[in-house]
Structures are given as C-alpha cells and as structure tokens.
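Accompanying notes for the structure given below.
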Amino acid sequence: VKKKGLAYLDSFTMSALLASGLAQGAAASAAARPQKLAASKAAPHAHRRRGVATRIAAPAREQPLMQQLAQQVQEHSGKPSSAQPALPALISKEQVVALEAELDQGLSMAALRRFNDNLRKVPADRWEEVLRPVFNELTFNLESFNPAFTSCLLMVQRTIGASDYVRRDMALKNLIQPLAGEYGMHNNQPQHKTHRELFSDFYASLFHAPLESLIAQGVPPVAAQALWAKMSTDIMTGGGAYSNPMEQASYALGYNLAIEYLADYEKTWMLDSFRALDKAVFSAQGRQIDWVFLEVHAEGEAEHAAIGHNAVLNFVPEEHTQVMRQAMKDHDQDFAAFYNRLADMLAV
C-alpha cells in the first residue's frame, strides 16, 4: 500500500485503531493483506479476513490487530437484553455464519469473478471507451447504497413499540457506523472526504477528467437504476413477502448483511484487478492512479460486514432465520444481475 493511501486508511477506515495507538500494527496488516482474486477462485473463503466480535479469521501475525478491531464492534453477549420477560431467542452466531457461507456459493460470486476476468482483459488501445460506460453505472451504484443503508436503519427503527428497546438500540448502534463512514464521519476524528469524493478522485486520476463531466453526459445508468429499484422495494417491503414490522426489520438486516458481505469481495477483487491493469496499461501511459477509494474499501468492508453481522446478532429472532435467508438470497440474485451486465459491457 502506498504511503498516501495508507495514511488515509489509518485515519479514515481504522480511526479506532489509531485512537488505541495501533497505527504500526495497521501498517503491517495492510501490507500483508493476502486477498488475491486468483487465490480466491480456488478457495474463496480461505484468504478472507472475516472479523466479528467472537470469531476472527485472520493470519496468525494479524490476529492481535484484528482482535483489537473486533473489540470496537458492539459485542453480542447472548444474555437477556432487558428486564422484559419472554423475549424470543436470538439467532445464533453459527446460524449467521452459515447464512454468510451460502453467499460464498451464490450467484454474485460467479458474476464478480466474471466481471474481474473481463476487467483484466480490457484492451490497452481503447480502455477509456470500454470503461467509461462501466464507470457511469458504478457512479450511480455507489451512491445508491447510502439510501439502501438508510432504509435498513428505518425498518429497524419502525419496530418501536414492537421490538425490545435495548435490542433495537444495539442494532441501530451498529448500523449507523458504516452509514456515517460513507460521509467521512468517525468517532473522535475530524470529518474526512466522503466516499463519493474519493470515487471522484479515483475517476479523475484515471480518465484525466472530472467525474462531473461523465455525469453531465446524461446517459442513464440502466443497470444500476434497476438494482437500486429492486433494493429499495425489497428493503421497504420485506421483499414483498412479509408485512409484520419485526419480519420486515429482520429482512432488512439480512439484506444489509448481504450487501456488506459481498462488498468485501467486490472491492478487494476490484482493487486487485485495477492494480493488474495499472501494471499492464495505465502506468505505461503515464497515469498516476489515486488508489485511496479502492484501498479504503478493500480494507474496510470486512469491518463493515462484521458490524452488520453483529447488528443481526443483537436483534433478529431465531425464528426469523428463513426471513434472513430470503433477504440475502434476494440481494445475491439482484447484485449478480448487475455485475453480469457490467461484465457484458466489458466484453463488448
């Protein structure tokens, strides 16, 4: 990781670690990141850092750092969360991990591999022509996740009067963190650039033109708009299958977890693919790429997935396991459709 990107990573994505004096450990962790697309094809789960409060999958030399990181995530104790009697049993860590493992074999994994395979094959003599329409889609898609996250928060908050106060509060305490981070906000840190600003910097360094010039062309991002329409409808209606507020909230939490879980693969593989393109194409053409956007996401999405994981553990009743499964399956299907369309665009 280049010095510029790492400095921003320390203050932006891992601000909690800096507050604990762990900057040196974060540097070693980022430099040692073993997540490579080729390796993940053979064993997609073997090279991923999946951190939750009571389960940290990480290389041995990273273990102390990730344990510190996990402590920043609101832990789920498994104990009754209030004096209210007869609260339903919560979904277990093992059940949530099993649902996440289903995503490892889902449609999105195949679509993301196909997209990255095609991305690495973009021709050197016309890469701008091929990539510009893809970036038009990614621009809309990136921002569309913010109202999706906000909707998930709303669906949990709407259970006021139906859910336990403490369980609801703990779920929201987890959910608000990644959403705030999208706008550069972290505890005890000055506000940094939003993720949209970082994406704009990435685009400008690649195309030598402002992102606003792409948006001004007014080409509808059809695939991204279709994904957003599905996300919005599904999150706000329980996928059209559930009308009870508690079921809808459990669905929204499952949907949120699927978004964050798949984003860990998405951004890590995208960073690896663009670095491969940089070696093969961009650097030879004198492009100085601003990697901060991709580096921040590649290193930070595992933390966001851990937070989404713990939001589920603090709120979702065990009897809603199937609701969770349906939500995660719905997003997996729609996210795969989006990335398969992008892969088609790269193959033209």
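The values are calculated or read from the model by the stated rules, or taken from the named source; none is laboratory data. Predicted, not measured: the structure shown is a model, and the values here were computed from it. Reconstructed Cβ throughout: ideal geometry from the backbone, glycine too, with neighbour counts over all protein chains shown. Each accessible area value is taken on the protein alone, full model and side chains, heavy atoms only, with ligands, DNA and RNA left out. Shrake-Rupley method; radii C 1.70, N 1.55, O 1.52, S 1.80 Å.
Taking the residues in region 127-149 that are closer than 13 Å to residue 345 by Cα and of a type in the set (D, E, K, R) as candidates, determine which candidate is most open to solvent (accessible area, probe 1.4 Å).
129
Looking at region 176-197 only, could you name the residues that are out of contact with any Ser or Thr (no Cβ under 8 Å at 6 or more places or on another chain), open to solvent by 60 Å² or more (accessible area, probe 1.4 Å) and outside any helix (DSSP H, G or I)?
185, 190, 191, 193
Restricting to region 83-112, count the residues that are open to solvent by 10 Å² or more (accessible area, probe 1.4 Å), on the phi < 0 side of the Ramachandran plot and not in a helix (DSSP H, G or I).
Qualifying residue count, region 83-112: 10.
So residue 302 fits all but one of (1) touching a Ser or Thr at 6+ places or on another chain (Cβ under 6 Å); (2) over 30 Å from residue 86 (Cβ atoms); (3) of a type outside the set (Val, Ile, Thr); what number is the exception?
Status for residue 302: all satisfied but (1).
Please go through (1) part of a helix (DSSP H, G or I); (2) at pLDDT 95 or above; (3) open to solvent by 10 Å² or more (accessible area, probe 1.4 Å) for residue 209 and return the number of the only condition it doesn't satisfy.
The single condition residue 209 does not satisfy is (1).
Of everything in region 223-275, what is farther than 24 Å from residue 90 by Cβ and small (Gly, Ala, Ser)? Give them in sequence order.
Selection gives 223, 224, 226, 229, 232, 240, 263, 273.
Out of the residues in region 160-175 that are assigned to a helix (DSSP H, G or I) and open to solvent by 30 Å² or more (accessible area, probe 1.4 Å), which is nearest to residue 304 (Cα to Cα)?
The extreme case among them is 173.
Residue-by-condition table, conditions (1) modelled with pLDDT of 95 or more; (2) within 19 Å of residue 157 (Cα to Cα):
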site	(1), (2)
224	yes, no
227	yes, no
291	yes, no
295	no, no
305	no, no
312	yes, yes
315	yes, yes
321	yes, no
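Scan region 87-104 and report the pairs whose first residue is within 13 Å of residue 310 (Cβ to Cβ) and whose second residue is surrounded by fewer than 16 Cβ atoms within 10 Å (Cβ to Cβ) and at pLDDT 95 or above, with Cβ atoms within less than 6 Å and a gap of 6+ or a chain change.
91/318
Counting only residues that are of a type in the set (Ser, Thr, Tyr) and buried (at least 23 other Cβ atoms within 10 Å of the Cβ), give me the helices (runs of 4 or more DSSP H) lying completely in region 229-348 with at least 1 of them.
Hits in region 229-348: 245-277, 321-347.
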